[in-house]
Structure formats: structure tokens, C-alpha cells
Amino acid sequence: MIEALELIQSNLPWLLPFLAFVFGAIVGSFLNVCIYRIPAGHSVVMPGSTCACGQRIAFYHNIPVLSWILLRGRAACCEVSFSFRYPLVECLTGLLFAVCWIQLAPVPALLGMFFVSILICATFIDLDHMIIPDRFSIGGMVAGVLLAVAFPSLHAVEATVPVLARLESGLTAITGVLVGSGLVYWISVLGEVVFRKPAMGEGDVKFVGCIGAFCGWQGAVFSMFGGALIGTLFLLPWLAIERLRRHFADDSVDDDGFAGQVPFGPMLAAAGVLYYLGCSQFVDAYFSGVADLLAGALQDY
């Protein structure tokens, strides 16, 4: 199987990434269903896709990305416009799946596609409802640990004895869960003491644990502080624009209320994706360098 993929890759280097994108766009279409229905407590299987007017959507009008373009963003049955969110999620999922395939070996790439799907669902649900459902946080933790045991390559573990490789990979995932969730928990506790209001939600604590299961403790720590940096880079301009908009609209500005409505989950997810898809070697090298410095300092002491 691996030899066949390598043969295809050598002769048609664009084909497998393209197929990964197509597969990702199809998965993204299903993720749109999950993002809409799970917070509402509805089944993601039944009924099939329906328009806001109640009409069932024909399969040829439900082609990921293309249907939105061909229909110009309007439903075929009633011509009511539907959100750009749908093709956005499909394109984002497809692109991340393609990057997974390009950047990683086949098994970590497929596991990364599953991880990315969890992060995308959690991100858009958090943006809409300020919650991260347990099926993505706790469920992601459990899935990450089980996949680490089943596929040690998730954490790049190699050993001559398969059982030892599975054990080491599983322990790496469990350590990531404990370090990630524990770090966010104590930051949340200290933030509540200092600012006298909740600094982060319980969902963020569990969500970083999920990221740690797939990325190890280094990825969990990176998602926390990298997510904060990403949030700062994007949030400060957004806050400035919103302040100006409200000022010129002669609207009252409640800074605490506005800032308190910004979810942290999407920033954690963005940092988790960055770590999994390319930053891991740099982050791990940094932590290794810090550990060596500390070890040298202790020896000198």
C-alpha cells in the first residue's frame, strides 16, 4: 500500500494532495451539519440536508464548495441566501487535509485529518455559542490516547518491541492531557484570583487536554501560549475597529462586556494546528534547549 502511494506520488505529485482536498471538502460538509445540529441537540444523521424553507436539498445541489458557487450563494428551491460559512468550512477542511498529506507521513496525516476535524467543529461551535461540547474535548482526549496506543507514529515513537512503542506513545498522550489541562486550570484559577472573574471556561481546560493527547505536552503548552499570541495579534485590531465603530455610531462601549465575549477555543485550535502541521520540531527543539540549560545550571550549582 505504501509502495503504491509512493509510486503515485512520484508520477503524479499533485493527485494525492488534490484527492485529500476533495475528501476534506466532503468531510467539511458533514462538519457543517455537526456545527449546526450538535449544539441544538439534534441528530447529525437524520434527517438529511434540508433548506430553511423545509425542502430537502437534492444531492446535486449539495456538492461541497461548488454548489455554493454555482447557485451564487442562494438556495435552489426558494432562492434565499445561505451563509458563506458553509463553503468556508469546506474549503478550510479541504486545505488542512491537503496540508496534512503534504507535510506528514500517511498514518500521521490520516490521524491529523481526524484531529483537524475535531478542532474545526470545536472552533465554530465556540464562535457561535461560547461552548465546546464534551464530545470534542473529553471525547477528543480519549480518542487521542487510544489512537496514540494503536498508532505510535502519532507521537513519532519508534521501538524494536511494538508493545513498548505503544506504551510510550500512550504515556506521551496521557502526559499531554494532564499537563495541558492542568496548566490551563491553574492559569484559570490564578486569573480568577487576580481579575476577580472567570479568566477561562471549563471547556478550554478540557480542550487543551484534547490537544495534548494528539500533540504531547509540548504541543499543549504551545497551544496555550501560542493561542494567546494569536489572540493578541487578531483581537487587538478587532477591538480597536469595534471601538471606533461604536464611537462613530454614538453607541456606549462596554469594554469588559465586549472583551468577555471573545472565545479562546479558536485560538487554542489554531495553535494546535500550527504545532501538528509543522511547528513541532521547532517547539520541541526549544523545550529541549531549555531543559539542557536547566540541567547544566543544576550541575554547576
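One residue alone among PHE114, PHE97 is crowded, with 22+ Cβ neighbours inside 10 Å and either under 23 Å from LEU15 (Cα atoms) or aromatic (Phe, Trp, Tyr) (or both), and that residue is PHE97. Among the residues making up segment 73-96, those that are part of a helix (DSSP H, G or I) and within 23 Å of ILE57 (Cα to Cα) are ARG85, TYR86, PRO87, LEU88, VAL89, GLU90, CYS91, LEU92, THR93, GLY94. Across segment 250-285, the number of residues qualifying as at pLDDT 50 or above and either in a helix (DSSP H, G or I) or of a type in the set (Asp, Glu) (or both) comes to 23. Residue by residue through segment 63-72, note down the ones that are assigned to a loop (DSSP other than H, G, I, E, B) and surrounded by 13 or more Cβ atoms within 10 Å (Cβ to Cβ). Hits for segment 63-72 are ILE63, PRO64, VAL65, LEU71.
For the residues ALA213, ALA173, ALA165, ALA220, the requirement of being open to solvent by less than 20 Å² (accessible area, probe 1.4 Å) and in contact (Cβ under 8 Å) with a residue 60 or more places away in the chain singles out ALA213.
Out of LEU5, LEU70, one residue alone is over 28 Å from the mean Cα position of the chain (by Cα) and either at pLDDT below 90 or of a type in the set (S, T, N, Q) (or both). It is LEU70.
Check segment 44-59 and report whether any residue there is assigned to a helix (DSSP H, G or I) and open to solvent by 70 Å² or more (accessible area, probe 1.4 Å). Yes, segment 44-59 has at least one match. Scanning segment 74-102 for residues that are polar (S, T, N, Q) and at pLDDT below 95 yields SER81, SER83. Of the conditions (1) open to solvent by 60 Å² or more (accessible area, probe 1.4 Å); (2) closer than 25 Å to MET141 by Cα; (3) of a type in the set (D, E, K, R), ASP126 fails just one. Which one is it? The number of the failed condition is (1).
The values are calculated or read from the model by the stated rules, or taken from the named source; none is laboratory data. All figures in this text were calculated on a predicted structure; none of them were measured in a lab. Ideal geometry is used to build each Cβ from the backbone, glycine not excepted, and the neighbour counts take in all protein chains shown. Just so you know, the surface numbers come from the protein's heavy atoms only, side chains and all, with ligands and any DNA or RNA stripped out. Shrake-Rupley method; radii C 1.70, N 1.55, O 1.52, S 1.80 Å.
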